[in-house]
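**Q** Got a structure for you, questions after.
The values are calculated or read from the model by the stated rules, or taken from the named source; none is laboratory data. In this text the structure is predicted, and so the values were computed from the model without any measurement. Methodologically, a virtual Cβ is constructed for each residue, glycine included, from the backbone with ideal geometry; neighbour enumeration extends over all protein chains shown. For the accessible areas, the whole protein counts, side chains as well, though only heavy atoms, and no ligand, DNA or RNA atoms are used. Shrake-Rupley method; radii C 1.70, N 1.55, O 1.52, S 1.80 Å.
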Amino acid sequence: MAISLYLKGGLPAKAAQVIISHPGTYDNTLLDSIAAALSKAGLHERCGDLYQHLGRAQEALQSFKRGHAYRKAVELARQISPASVVTLEEEWGDWLASQKQMDAAINHFIEAGSTLKAIEAAIAARQFTKAAGIVDFLEPAKAQPYYRRMGQHYEEANNRQEAERYMLRAGAPMDAVEMWMRAGNWEAAQKVARGYLSEDELHQFYSKRARSCEANRQWQDAENAYVAGGEVDMAVNMYKRNKMWLQMLKLVQTHKRDQLPQAHLLVAQALQAEGSWREAERHFCEAKEWKGAVAMYRQQGMWEDALRVAKV
(Lines give C-alpha, C1' and ligand atoms only; values in the text may rest on other atoms or scores of the structure.)
Protein backbone atom coordinates (compact mmCIF):
# COMPACT_ATOMS: atom_id res chain seq x y z
CA MET A 1 0.00 0.00 0.00
CA ALA A 2 2.80 2.44 0.98
CA ILE A 3 4.65 1.68 -2.26
CA SER A 4 1.65 2.60 -4.40
CA LEU A 5 1.15 5.80 -2.46
CA TYR A 6 4.79 6.79 -2.92
CA LEU A 7 4.52 6.18 -6.65
CA LYS A 8 1.30 8.17 -6.92
CA GLY A 9 2.93 10.95 -4.91
CA GLY A 10 5.89 11.16 -7.27
CA LEU A 11 8.32 9.69 -4.75
CA PRO A 12 9.82 6.67 -6.57
CA ALA A 13 13.02 6.78 -4.50
CA LYS A 14 11.02 6.14 -1.31
CA ALA A 15 9.14 3.34 -3.05
CA ALA A 16 12.46 1.75 -4.04
CA GLN A 17 13.75 2.10 -0.49
CA VAL A 18 10.77 0.15 0.82
CA ILE A 19 11.53 -2.68 -1.64
CA ILE A 20 15.22 -2.74 -0.69
CA SER A 21 14.57 -2.49 3.06
CA HIS A 22 11.83 -5.11 3.09
CA PRO A 23 12.86 -8.12 1.02
CA GLY A 24 9.96 -10.14 -0.25
CA THR A 25 8.00 -11.14 -3.31
CA TYR A 26 6.72 -8.19 -5.30
CA ASP A 27 4.73 -7.95 -8.48
CA ASN A 28 7.06 -7.54 -11.48
CA THR A 29 4.77 -4.91 -12.99
CA LEU A 30 5.09 -2.87 -9.82
CA LEU A 31 8.85 -3.25 -9.79
CA ASP A 32 9.09 -2.18 -13.43
CA SER A 33 6.89 0.84 -12.66
CA ILE A 34 9.21 1.89 -9.84
CA ALA A 35 12.31 1.46 -12.03
CA ALA A 36 10.68 3.42 -14.87
CA ALA A 37 9.70 6.22 -12.49
CA LEU A 38 13.25 6.38 -11.07
CA SER A 39 14.74 6.54 -14.54
CA LYS A 40 12.26 9.19 -15.67
CA ALA A 41 13.15 11.28 -12.63
CA GLY A 42 16.86 10.98 -13.51
CA LEU A 43 17.54 8.86 -10.42
CA HIS A 44 19.59 6.35 -12.40
CA GLU A 45 21.93 5.41 -9.58
CA ARG A 46 18.98 4.63 -7.29
CA CYS A 47 17.43 2.63 -10.12
CA GLY A 48 20.68 0.69 -10.38
CA ASP A 49 20.57 -0.02 -6.65
CA LEU A 50 17.06 -1.42 -7.05
CA TYR A 51 17.98 -3.60 -10.02
CA GLN A 52 21.07 -4.89 -8.18
CA HIS A 53 18.93 -5.73 -5.13
CA LEU A 54 16.57 -7.66 -7.40
CA GLY A 55 19.48 -9.59 -8.99
CA ARG A 56 18.98 -7.94 -12.38
CA ALA A 57 22.70 -7.21 -12.78
CA GLN A 58 22.85 -6.14 -16.43
CA GLU A 59 20.03 -3.64 -15.97
CA ALA A 60 21.73 -2.42 -12.80
CA LEU A 61 24.99 -1.94 -14.69
CA GLN A 62 23.29 0.11 -17.41
CA SER A 63 21.53 2.26 -14.83
CA PHE A 64 24.77 2.93 -12.97
CA LYS A 65 26.39 3.99 -16.25
CA ARG A 66 23.51 6.32 -17.12
CA GLY A 67 23.77 7.89 -13.69
CA HIS A 68 27.56 8.22 -13.93
CA ALA A 69 27.83 6.07 -10.83
CA TYR A 70 31.00 4.55 -12.23
CA ARG A 71 32.39 3.27 -8.96
CA LYS A 72 29.35 1.05 -8.48
CA ALA A 73 29.39 0.15 -12.18
CA VAL A 74 33.02 -0.97 -12.02
CA GLU A 75 32.50 -2.96 -8.81
CA LEU A 76 29.52 -4.75 -10.36
CA ALA A 77 31.32 -5.32 -13.68
CA ARG A 78 34.22 -7.01 -11.88
CA GLN A 79 31.71 -9.63 -10.73
CA ILE A 80 29.57 -10.14 -13.83
CA SER A 81 31.64 -8.90 -16.79
CA PRO A 82 35.35 -8.43 -16.03
CA ALA A 83 36.13 -7.77 -19.71
CA SER A 84 34.03 -4.60 -19.64
CA VAL A 85 35.96 -3.02 -16.75
CA VAL A 86 38.55 -1.46 -19.05
CA THR A 87 35.85 0.23 -21.13
CA LEU A 88 34.11 1.45 -17.99
CA GLU A 89 37.34 2.93 -16.63
CA GLU A 90 37.78 4.91 -19.85
CA GLU A 91 34.17 6.10 -19.77
CA TRP A 92 34.71 7.13 -16.15
CA GLY A 93 37.78 9.11 -17.14
CA ASP A 94 35.93 10.73 -20.05
CA TRP A 95 33.12 11.80 -17.77
CA LEU A 96 35.48 13.26 -15.17
CA ALA A 97 37.33 15.13 -17.92
CA SER A 98 34.03 16.53 -19.21
CA GLN A 99 33.44 17.83 -15.68
CA LYS A 100 36.91 19.46 -15.69
CA GLN A 101 38.09 17.04 -13.01
CA MET A 102 41.30 16.32 -14.91
CA ASP A 103 43.37 15.29 -11.93
CA ALA A 104 40.81 12.63 -10.99
CA ALA A 105 40.55 11.42 -14.59
CA ILE A 106 44.24 10.56 -14.97
CA ASN A 107 44.31 7.27 -13.08
CA HIS A 108 41.13 6.00 -14.75
CA PHE A 109 42.66 6.56 -18.17
CA ILE A 110 45.78 4.75 -16.97
CA GLU A 111 43.66 1.84 -15.71
CA ALA A 112 41.95 1.75 -19.12
CA GLY A 113 45.28 1.76 -20.96
CA SER A 114 44.29 5.03 -22.67
CA THR A 115 47.78 6.49 -22.48
CA LEU A 116 47.25 9.54 -24.68
CA LYS A 117 44.12 10.56 -22.79
CA ALA A 118 46.00 10.11 -19.51
CA ILE A 119 48.78 12.40 -20.76
CA GLU A 120 46.34 15.04 -21.95
CA ALA A 121 44.52 14.95 -18.62
CA ALA A 122 47.80 15.22 -16.69
CA ILE A 123 48.91 18.20 -18.77
CA ALA A 124 45.50 19.87 -18.39
CA ALA A 125 45.77 19.31 -14.64
CA ARG A 126 49.32 20.75 -14.75
CA GLN A 127 50.62 17.51 -13.31
CA PHE A 128 53.70 17.64 -15.51
CA THR A 129 55.83 15.22 -13.54
CA LYS A 130 53.08 12.64 -13.78
CA ALA A 131 52.60 13.41 -17.47
CA ALA A 132 56.30 12.91 -18.11
CA GLY A 133 56.22 9.56 -16.34
CA ILE A 134 53.44 8.40 -18.65
CA VAL A 135 55.04 9.85 -21.78
CA ASP A 136 58.20 7.88 -21.07
CA PHE A 137 56.33 4.72 -22.02
CA LEU A 138 55.48 6.01 -25.50
CA GLU A 139 57.48 5.46 -28.65
CA PRO A 140 59.86 8.40 -29.21
CA ALA A 141 57.96 9.71 -32.25
CA LYS A 142 54.70 9.83 -30.29
CA ALA A 143 56.36 11.21 -27.18
CA GLN A 144 58.11 14.19 -28.76
CA PRO A 145 55.08 16.52 -29.14
CA TYR A 146 54.26 16.04 -25.47
CA TYR A 147 57.84 16.68 -24.38
CA ARG A 148 57.74 19.88 -26.41
CA ARG A 149 54.58 21.05 -24.66
CA MET A 150 56.12 20.30 -21.28
CA GLY A 151 59.20 22.25 -22.27
CA GLN A 152 57.00 25.25 -23.08
CA HIS A 153 55.28 24.93 -19.72
CA TYR A 154 58.53 24.89 -17.78
CA GLU A 155 59.80 27.92 -19.69
CA GLU A 156 56.62 29.79 -18.77
CA ALA A 157 57.25 28.76 -15.16
CA ASN A 158 60.84 30.12 -15.44
CA ASN A 159 62.27 26.68 -14.80
CA ARG A 160 64.55 26.85 -17.81
CA GLN A 161 66.85 23.97 -16.93
CA GLU A 162 63.87 21.63 -16.85
CA ALA A 163 62.47 23.27 -19.98
CA GLU A 164 65.75 22.63 -21.80
CA ARG A 165 65.69 18.98 -20.77
CA TYR A 166 62.25 18.42 -22.25
CA MET A 167 62.97 20.43 -25.39
CA LEU A 168 66.01 18.28 -26.05
CA ARG A 169 63.99 15.11 -25.43
CA ALA A 170 61.47 16.47 -27.92
CA GLY A 171 64.20 16.66 -30.53
CA ALA A 172 63.84 20.45 -30.61
CA PRO A 173 67.23 21.86 -29.60
CA MET A 174 66.55 25.11 -31.48
CA ASP A 175 63.61 25.71 -29.11
CA ALA A 176 66.03 25.43 -26.20
CA VAL A 177 68.55 27.73 -27.88
CA GLU A 178 65.91 30.38 -28.56
CA MET A 179 64.60 30.06 -25.01
CA TRP A 180 68.04 30.85 -23.58
CA MET A 181 68.42 33.70 -26.07
CA ARG A 182 65.10 35.19 -24.93
CA ALA A 183 66.33 34.92 -21.36
CA GLY A 184 69.56 36.70 -22.29
CA ASN A 185 71.71 33.72 -21.32
CA TRP A 186 74.16 33.57 -24.23
CA GLU A 187 76.44 30.99 -22.62
CA ALA A 188 73.62 28.49 -22.09
CA ALA A 189 72.32 29.07 -25.61
CA GLN A 190 75.75 28.53 -27.09
CA LYS A 191 76.27 25.34 -25.08
CA VAL A 192 73.07 23.81 -26.45
CA ALA A 193 73.80 25.06 -29.96
CA ARG A 194 77.27 23.52 -30.06
CA GLY A 195 76.08 20.26 -28.62
CA TYR A 196 72.89 19.64 -30.60
CA LEU A 197 72.48 21.80 -33.71
CA SER A 198 73.43 20.73 -37.20
CA GLU A 199 76.14 22.70 -39.01
CA ASP A 200 73.55 24.72 -40.94
CA GLU A 201 71.48 25.39 -37.82
CA LEU A 202 74.60 26.42 -35.92
CA HIS A 203 75.49 28.88 -38.67
CA GLN A 204 71.96 30.35 -38.57
CA PHE A 205 72.15 30.60 -34.79
CA TYR A 206 75.40 32.58 -34.78
CA SER A 207 74.25 34.75 -37.69
CA LYS A 208 71.01 35.64 -35.92
CA ARG A 209 72.87 36.38 -32.70
CA ALA A 210 75.42 38.55 -34.48
CA ARG A 211 72.80 40.63 -36.32
CA SER A 212 70.87 41.16 -33.10
CA CYS A 213 73.97 42.33 -31.24
CA GLU A 214 75.01 44.59 -34.10
CA ALA A 215 71.55 46.18 -34.19
CA ASN A 216 71.92 46.88 -30.46
CA ARG A 217 75.45 48.27 -30.96
CA GLN A 218 76.93 45.46 -28.91
CA TRP A 219 80.00 45.38 -31.10
CA GLN A 220 82.17 42.89 -29.27
CA ASP A 221 79.33 40.40 -28.85
CA ALA A 222 78.45 40.78 -32.51
CA GLU A 223 82.07 40.19 -33.51
CA ASN A 224 82.27 37.07 -31.35
CA ALA A 225 79.13 35.66 -32.93
CA TYR A 226 80.22 36.45 -36.49
CA VAL A 227 83.59 34.83 -35.88
CA ALA A 228 82.07 31.77 -34.19
CA GLY A 229 79.77 31.38 -37.20
CA GLY A 230 82.69 31.58 -39.64
CA GLU A 231 81.65 35.03 -40.91
CA VAL A 232 84.76 37.08 -40.20
CA ASP A 233 84.12 39.26 -43.27
CA MET A 234 80.74 40.23 -41.84
CA ALA A 235 82.44 41.39 -38.66
CA VAL A 236 85.03 43.32 -40.67
CA ASN A 237 82.29 45.02 -42.68
CA MET A 238 80.42 45.87 -39.48
CA TYR A 239 83.43 47.75 -38.15
CA LYS A 240 84.01 49.33 -41.57
CA ARG A 241 80.43 50.63 -41.76
CA ASN A 242 80.82 52.17 -38.32
CA LYS A 243 84.33 53.52 -38.98
CA MET A 244 85.73 51.55 -36.08
CA TRP A 245 89.14 51.28 -37.67
CA LEU A 246 91.20 50.03 -34.74
CA GLN A 247 88.74 47.21 -34.02
CA MET A 248 88.66 46.30 -37.69
CA LEU A 249 92.43 46.15 -37.97
CA LYS A 250 92.73 44.09 -34.81
CA LEU A 251 90.19 41.62 -36.18
CA VAL A 252 91.96 41.35 -39.54
CA GLN A 253 95.31 40.90 -37.83
CA THR A 254 93.90 38.02 -35.77
CA HIS A 255 91.89 36.17 -38.41
CA LYS A 256 93.04 37.38 -41.86
CA ARG A 257 96.63 38.45 -41.37
CA ASP A 258 97.49 38.18 -45.06
CA GLN A 259 94.92 40.90 -45.76
CA LEU A 260 96.33 43.32 -43.18
CA PRO A 261 98.16 45.58 -45.68
CA GLN A 262 94.96 46.02 -47.72
CA ALA A 263 93.09 46.80 -44.52
CA HIS A 264 95.59 49.49 -43.55
CA LEU A 265 95.33 50.97 -47.05
CA LEU A 266 91.53 51.09 -46.79
CA VAL A 267 91.79 52.86 -43.42
CA ALA A 268 94.36 55.29 -44.80
CA GLN A 269 92.09 56.23 -47.69
CA ALA A 270 89.10 56.69 -45.38
CA LEU A 271 91.11 58.93 -43.03
CA GLN A 272 92.45 60.90 -45.98
CA ALA A 273 88.89 61.58 -47.10
CA GLU A 274 88.14 62.88 -43.59
CA GLY A 275 91.20 65.13 -43.61
CA SER A 276 93.02 63.21 -40.87
CA TRP A 277 96.37 63.53 -42.63
CA ARG A 278 98.73 62.26 -39.92
CA GLU A 279 96.58 59.23 -39.13
CA ALA A 280 96.18 58.49 -42.82
CA GLU A 281 99.94 58.72 -43.27
CA ARG A 282 100.55 56.16 -40.54
CA HIS A 283 98.26 53.64 -42.18
CA PHE A 284 99.68 54.28 -45.65
CA CYS A 285 103.06 53.41 -44.22
CA GLU A 286 101.73 50.33 -42.39
CA ALA A 287 100.38 49.19 -45.75
CA LYS A 288 103.86 49.86 -47.26
CA GLU A 289 102.19 52.39 -49.56
CA TRP A 290 104.27 55.42 -48.58
CA LYS A 291 103.83 56.82 -52.09
CA GLY A 292 100.14 57.17 -51.29
CA ALA A 293 101.01 59.37 -48.30
CA VAL A 294 103.35 61.48 -50.46
CA ALA A 295 100.64 61.92 -53.08
CA MET A 296 98.15 62.89 -50.37
CA TYR A 297 100.42 65.61 -49.01
CA ARG A 298 101.23 66.90 -52.51
CA GLN A 299 97.52 67.19 -53.27
CA GLN A 300 97.15 69.35 -50.18
CA GLY A 301 100.24 71.43 -50.96
CA MET A 302 101.90 70.11 -47.81
CA TRP A 303 105.35 69.87 -49.40
CA GLU A 304 107.44 69.55 -46.26
CA ASP A 305 105.37 66.55 -45.10
CA ALA A 306 105.54 65.03 -48.58
CA LEU A 307 109.35 65.40 -48.57
CA ARG A 308 109.63 63.98 -45.06
CA VAL A 309 107.70 60.83 -45.98
CA ALA A 310 109.60 60.45 -49.26
CA LYS A 311 112.95 60.54 -47.42
CA VAL A 312 111.83 57.81 -45.03
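**Q** Go through (1) at pLDDT below 90; (2) open to solvent by 40 Å² or more (accessible area, probe 1.4 Å); (3) not polar (S, T, N, Q) and name the single condition G133 misses.
**A** Looking at each condition in turn, G133 falls short on (2).
**Q** Here's a follow-up. Taking interchain pairs and intrachain pairs at least six residues apart, which have beta carbon atoms under 9 angstrom, with the first residue in the range 164-175 and within 14 Å of E201 (Cβ to Cβ) and the second assigned to a loop (DSSP other than H, G, I, E, B) and open to solvent by less than 50 Å² (accessible area, probe 1.4 Å)?
**A** P173/L197; M174/L197
**Q** Moving to a separate point now. Out of the range 84-107, which residues are more than 17 Å from F64 (Cα to Cα) and assigned to a helix (DSSP H, G or I)?
**A** A97, S98, M102, D103, A104, A105, I106, N107
**Q** I want to confirm something. Restricting to the range 82-119 and keeping residues that are under 23 Å from K142 (Cα atoms) and of a type in the set (G, A, S), which single residue is most open to solvent (accessible area, probe 1.4 Å)?
**A** G113
**Q** So, in the range 142-163, of the ones that are part of a helix (DSSP H, G or I) and open to solvent by 80 Å² or more (accessible area, probe 1.4 Å), which residue ends up farthest from H203 (Cα to Cα)?
**A** Among those residues, the one meeting the criterion is K142.
**Q** With respect to the numbered conditions (1) at pLDDT 90 or above; (2) open to solvent by 40 Å² or more (accessible area, probe 1.4 Å); (3) not polar (S, T, N, Q), which one is the sole condition not fulfilled by A36?
**A** For A36, the failing item is (1).
**Q** Could you check A35 against (1) over 46 Å from the mean Cα position of the chain (by Cα); (2) closer than 30 Å to A132 by Cβ and say which number it fails?
**A** The number of the failed condition is (2).
**Q** Write out, first by first residue and then by second, each pair whose Cβ atoms fall under 6 Å of each other, whose residues are 6+ apart or on separate chains, and whose first residue, in the range 222-246, is without any contact (Cβ under 8 Å) to a residue 24 or more places away in the chain while the second is buried (at least 18 other Cβ atoms within 10 Å of the Cβ) and among the acidic types (D, E).
**A** A222/E214
**Q** From Y206, Y166, which residue is open to solvent by less than 70 Å² (accessible area, probe 1.4 Å) and within 30 Å of R241 (Cβ to Cβ)?
**A** Going through Y206, Y166 in turn, the sole match is Y206.
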